[in-house]
Amino acid sequence: MLKNFEDKTHNLSDEEIKIAIGLNIGLKRYVGKKNAIPGSKICESYNTKTQHKMSGVRLRKMINYLRNKGKPICSSSVGYYYPANKKELQDTITSIAQRIDSQLQILNQLKKHL
């Protein structure tokens, strides 16, 4: 749960964990960046089939959950997918590392104002 964003980033419910497990099964059909599925399409598809509504924030929380459970789910500007090769996995690792670095730079600048 993120401070100041508690309403959107709270822990997954038991129902959402079940949804995440199903999501993982579905994502296995999308192998390789060229076959990635956009998060918006995942949410739209899910939302037309159920009364429970999935937002992009909750989808990212589920992807985070699955990755923390050891699932090598890749992502890019085109969507989510399972890697077809080591390069695709390395590209996702690099992207995440760059985002972490960017956030650390922001954190360090904000701390200067304390």
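The values are calculated or read from the model by the stated rules, or taken from the named source; none is laboratory data. What you see is a predicted model; the values in this text were computed from it and never measured. Cβ atoms come from the backbone with ideal geometry, glycine included; neighbour counts cover every protein chain shown. The protein model used for the area step is the full one, side chains on, heavy atoms only, and it has no ligands, DNA or RNA in it. Shrake-Rupley method; radii C 1.70, N 1.55, O 1.52, S 1.80 Å.
Of the residues making up region 64-84, none is in contact with an Asp or Glu (Cβ under 6 Å, 6 or more places away or on another chain), part of a helix (DSSP H, G or I) and open to solvent by 70 Å² or more (accessible area, probe 1.4 Å).
Contact annotation: residue pairs with Cβ atoms under 8 Å, 6 or more positions apart or on different chains, pairing a residue in region 45-71 that is closer than 16 Å to Ser13 by Cα with a partner that is surrounded by 12 or more Cβ atoms within 10 Å (Cβ to Cβ) and among the charged types (D, E, K, R), are Ser55/Lys8; Val57/Lys8; Arg58/Lys8; Arg58/Glu16; Lys61/Glu16; Met62/Glu16.
When you scan region 104-111, do you find a residue that is of a type in the set (Val, Ile, Thr), open to solvent by less than 50 Å² (accessible area, probe 1.4 Å) and free of Cβ contacts under 8 Å to residues at least 60 places away in the same chain, even just one? Lay out the reasoning, then the answer.
The first filter runs over region 104-111 and keeps only residues of a type in the set (Val, Ile, Thr), leaving 106.
Keeping just the survivors that are open to solvent by less than 50 Å² (accessible area, probe 1.4 Å) gives none.
No, region 104-111 has no match at all.
Given the criteria acidic (Asp, Glu), crowded, with 17+ Cβ neighbours inside 10 Å and assigned to a helix (DSSP H, G or I), does Glu44 qualify?
Answer is no for this residue.
Residues in region 20-35 that are open to solvent by 20 Å² or more (accessible area, probe 1.4 Å) and not in a helix (DSSP H, G or I) were compared, and the one that is farthest from Met54 (Cα to Cα) is Val31.
Residues of region 97-105 include at least one that is under 15 Å from the mean Cα position of the chain (by Cα), in a helix (DSSP H, G or I) and β-branched (Val, Ile, Thr).
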